[in-house]
Amino acid sequence: MRFPRVAIVGGGPGGLMTADALQREARVPVELTIFEASSRLGGKVLTRSFARLPARYEAGAAEIYDYSEVGPDPLKELVADLGLPIVPMGGSALVMGEHVLSNLDDVRDALGADAAAAFIAFDRAARDAVGCLDFYHGERGTAPPRTSPRFDAMLARIGSPAARRYVETMIHSDLATEPGATTVAYGLDNYLMNDPTYLRLYAIEGGNERLVAGLDGRIRATRRLEHRVVRIGGGSGRRLCVVAEHTGRRHEEEFDIVVVALPLDHLQRVEFAGPRLAAALRRHLAHHDHPAHYLRITALFDRPFWRSWLADSFSMLDRFGGCCLYDESARDPGATHGTLGWLLGGAAAVEMSRLADDEVVAAALASLPDFLAAGAPPVLEAHVHRWLGAVSGMPGGPTPVPLDLRHRPEPVDHPGLFIVGDYLFDATLNGVLDSAEHVAGWIADLTAIRREAVA
Amino acid sequence: MTPQTAAPRTAPATVPLPAEGTCGAANVEWISALELALLVVSARPDEAATLPAEALAWVEATGPAQTIAIHGAAIAWAPGRAALLVEPTRCEAVRAALIEFGMHDRDLRELEAEVAAGWADLESDAPLAFDFRDRDAERRAGLGERFRRLVALRARLVRLVPHLDRPPLHPPTLASQVGERLRERARMAERAGHLGMQLEVHERVYDLCGQRASEWSLAHRSRGLEWAVVVLLAVETALILVDLLASRGS
Ligand SMILES: Cc1cc2nc3c(=O)[nH]c(=O)nc-3n(C[C@H](O)[C@H](O)[C@H](O)COP(=O)(O)OP(=O)(O)OC[C@H]3O[C@@H](n4cnc5c(N)ncnc54)[C@H](O)[C@@H]3O)c2cc1C
């Protein structure tokens, strides 16, 4: 007996979540093969440690979005199902110049009553445009299209320049792009996610990479690490041929179904065989490819010298066009050392990535306000992680594409080729899980139907 | 740091105040509804929020203190005493948040204490939820009283919960952040949840006790009726017999 052969291209969260969901939902056994270009699974979920101390930090995805207060939250359920403990994260402080603005009172004192009023007016407009439930349902396929001009047009309407800068700083590192390069809908989503009624944040105790380890532990599949897929398509009959490079040599294998779980920067490096499939993928890329950029700098100190001023798990800093400052050591309540992480987004991330690591670290330290820099001990160790073009600055594209077409770009001649990606929803781990579950459910139905037809 | 001068009220003589010149006795107000002496100290915006050691020692003199430092405000809280360090312009709102928290905390503690006090009664009443006998008749009034008390407790909890479980305000104010942090630290939503579960157990037991007691009372009443019928029948039989004997004699 031959079971349907399914290839999953990409061993990041998207690929692993697809494999896991497919294994659960398939009504007939499937033979799974995961192709991963690097030597590890997990993609951009990457928990690292310093050499000097056993201190952990997140080099990729830092926090997970918690929607469970509003409705079902499949990712939180998955994390619970894997038995992973979680720690809440949060922060309301924004450093502007030498002021820490943690609430409206601070905004009023530091920026003036007019700026505070302009900020409140923007906040009201944002809430009117996107309610809590709209936000929850987001662009998940069924919502009416939220076509719009770019987000900078909306920000320009904020009456006070100080308030505008405050809002821009607040969301810049979440956007990972410039307001002019994204939609109003995505910009507003990134503003509203600061409100705990819309969304809460958490991390996995012991590192977010435990999510990857948990999934990896329960997936039964052939894992082909260090197999970079370079070409897909052109198999016998309706089957799809996957060509992967391993140790400089090319290997070919045929599959009934191929799920491509790659971010856009990697997807565009894969060749799709046949004019129809190649054209469909070109259309897919043209619609979705709006690259956004991140750069992370993480520095280890002998103590968390910032905590008297910045006590939350993260704060925003008005440097680098607005960046996020993570208290990485807050993830580990027993830690005596201090780990500070800067998350730069958009143009600043691109610009800084051109510098050498030590220059980037020096620029990060120089970005600290005087009241923090004055008490900063020497850096014990620092690391830079460059994530250029690694995320989407306009998830879902400028206008939403029907859910099925997003996930199956060429249904006529290549009904067995599926796409999974966070950029099809909201550029987060929650989005990639939604995408993975949609595709897994679809494949489960298809394989069951095919079996019944054969029987 | 400078002492806060706004609206001092007199504290009862039983509360020893910090020495003049350290935090200043004039800054302590007595909040009688909470039985709490509150010391308010002014913070300067450019300083990290730390309560003066004397203020902390004064609070800790009545028991171990909870301390919270949040966005330029610092709070220490122990049974009967609290100290608040905050910028003068935000003092009124933060003080109100603190007092509001204190009220809710007091209400929750009272409810917890009353529910806890009810366990002994519950244990002795629990058998009546299954079996109610004639000898238990005199306990009916007590059961009714405890059930009414339970309904009142539930009503108080239901009215309190929305204040403990409300979503965080956004954009926040310092006062809203202080209130949220205090509620979080006191695990109020969680405690209210536990209290709800405990009340449910009490309610189930007393609900069943009520059912058993009314079954008993119904049965009791119908037994009386049965006896009345028996007596009537006996009287009727006796009359018939008398009638029969009389007719035979004639
Ligand atoms: C700095 C940063 C911070 C982030 N923060 C958050 C956050 O806080 N919360 C959140 O929810 N999300 C966050 N994200 C986004 C999150 O990381 C992604 O949503 C998630 O990793 C997407 O998973 P994926 O599997 O689609 O892609 P990836 O994680 O990129 O995984 C893709 C995998 O495919 C492999 N691959 C690439 N090309 C090939 C090929 N040709 N053949 C085979 N394998 C290939 C790669 O090696 C990689 O392992 C962040 C991302 C970055 C970069």
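Just the residues that are part of a strand (DSSP E or B) and more than 10 Å from the ligand (Cβ to nearest atom), please, taken from segment A:244-270.
Once the filter is applied, which keeps residues that are part of a strand (DSSP E or B) and more than 10 Å from the ligand (Cβ to nearest atom), segment A:244-270 yields A:His246, A:Arg249, A:Arg250, A:His251, A:Glu252, A:Glu253, A:Glu254, A:Phe255, A:Ile257, A:Val258, A:Val259.
Find all pairs meeting these conditions: Cβ atoms under 6 angstrom apart; at least six residues apart or on different chains; first residue within segment A:77-99 and over 20 Å from A:Met316 (Cα atoms) and not assigned by TED's automatic domain parsing to the domain that holds A:Val212; second residue open to solvent by less than 40 Å² (accessible area, probe 1.4 Å) and among the hydroxyl-bearing types (Ser, Thr, Tyr).
A:Ile86/A:Tyr202
Considering every residue within segment A:108-121, establish whether at least one is open to solvent by less than 20 Å² (accessible area, probe 1.4 Å) and in contact with a strand residue (DSSP E or B) (Cβ under 7 Å, 6 or more places away or on another chain).
Taking every residue of segment A:108-121 in turn, none turns out to be open to solvent by less than 20 Å² (accessible area, probe 1.4 Å) and in contact with a strand residue (DSSP E or B) (Cβ under 7 Å, 6 or more places away or on another chain).
For B:Glu190, work out the one condition from (1) assigned to a helix (DSSP H, G or I); (2) within 14 Å of chain A (Cβ to nearest Cβ); (3) buried (at least 20 other Cβ atoms within 10 Å of the Cβ) it doesn't fulfil.
Single failed check for B:Glu190: (3).
So if I check each of B:Phe132, B:Phe147, which one is more than 14 Å from chain A (Cβ to nearest Cβ), touching a residue at least 24 places away in the same chain (Cβ under 8 Å) and open to solvent by 50 Å² or more (accessible area, probe 1.4 Å)?
B:Phe147
So B:Leu160 fits all but one of (1) buried (at least 18 other Cβ atoms within 10 Å of the Cβ); (2) within 14 Å of another protein chain (Cβ to nearest Cβ); what number is the exception?
(2)
Do the conditions hold for A:Asp105, that is, is it touching a Pro at 6+ places or on another chain (Cβ under 8 Å), outside any loop (DSSP other than H, G, I, E, B), away from the ligand (no atom under 11 Å from the Cβ) and under 26 Å from A:Pro196 (Cβ atoms)?
no
Considering each residue of segment A:180-222, count those that are in a strand (DSSP E or B) and away from the ligand (no atom under 15 Å from the Cβ), and give that number.
Here the count works out to 1.
Mind checking which pairs have a first residue in segment A:13-32 that is away from chain B (no Cβ under 14 Å) and a second that is of a type in the set (Asp, Glu) and within 15 Å of the ligand (Cβ to nearest atom), Cβ under 9 Å, 6 or more apart or different chains?
If the second residue must be of a type in the set (Asp, Glu) and within 15 Å of the ligand (Cβ to nearest atom), the pairs left are A:Pro13/A:Asp422; A:Gly14/A:Asp422; A:Gly15/A:Glu36; A:Leu16/A:Asp216; A:Met17/A:Glu437; A:Thr18/A:Glu437; A:Ala21/A:Glu437; A:Glu25/A:Glu437.
Across segment B:64-77, which residue is farthest from the other protein chains (Cβ to nearest Cβ) among those that are at pLDDT 90 or above and over 27 Å from A:Leu372 (Cβ atoms)?
B:Pro64
Results for (1) more than 12 Å from the ligand (Cβ to nearest atom); (2) more than 21 Å from the chain's Cα centre (by Cα); (3) open to solvent by 20 Å² or more (accessible area, probe 1.4 Å), shown as yes or no for each residue.
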position: A:Ala26; (1), (2), (3): yes, yes, yes
position: A:Phe35; (1), (2), (3): no, no, no
position: A:Arg40; (1), (2), (3): no, no, yes
position: A:Lys44; (1), (2), (3): no, no, yes
position: A:Arg56; (1), (2), (3): yes, no, yes
position: A:Ala59; (1), (2), (3): no, no, no
position: A:Ala62; (1), (2), (3): no, no, no
position: A:Pro74; (1), (2), (3): yes, no, yes
position: A:Ala80; (1), (2), (3): yes, no, yes
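The values are calculated or read from the model by the stated rules, or taken from the named source; none is laboratory data. Treat the numbers as computed from the prediction; the structure is a model and nothing was measured. A quick note on method: Cβ atoms are made from the backbone with ideal geometry, for glycine too, and the neighbour counts reach across all protein chains shown. Areas reflect the complete protein model, heavy atoms only, side chains present, ligands, DNA and RNA absent. Shrake-Rupley method; radii C 1.70, N 1.55, O 1.52, S 1.80 Å.
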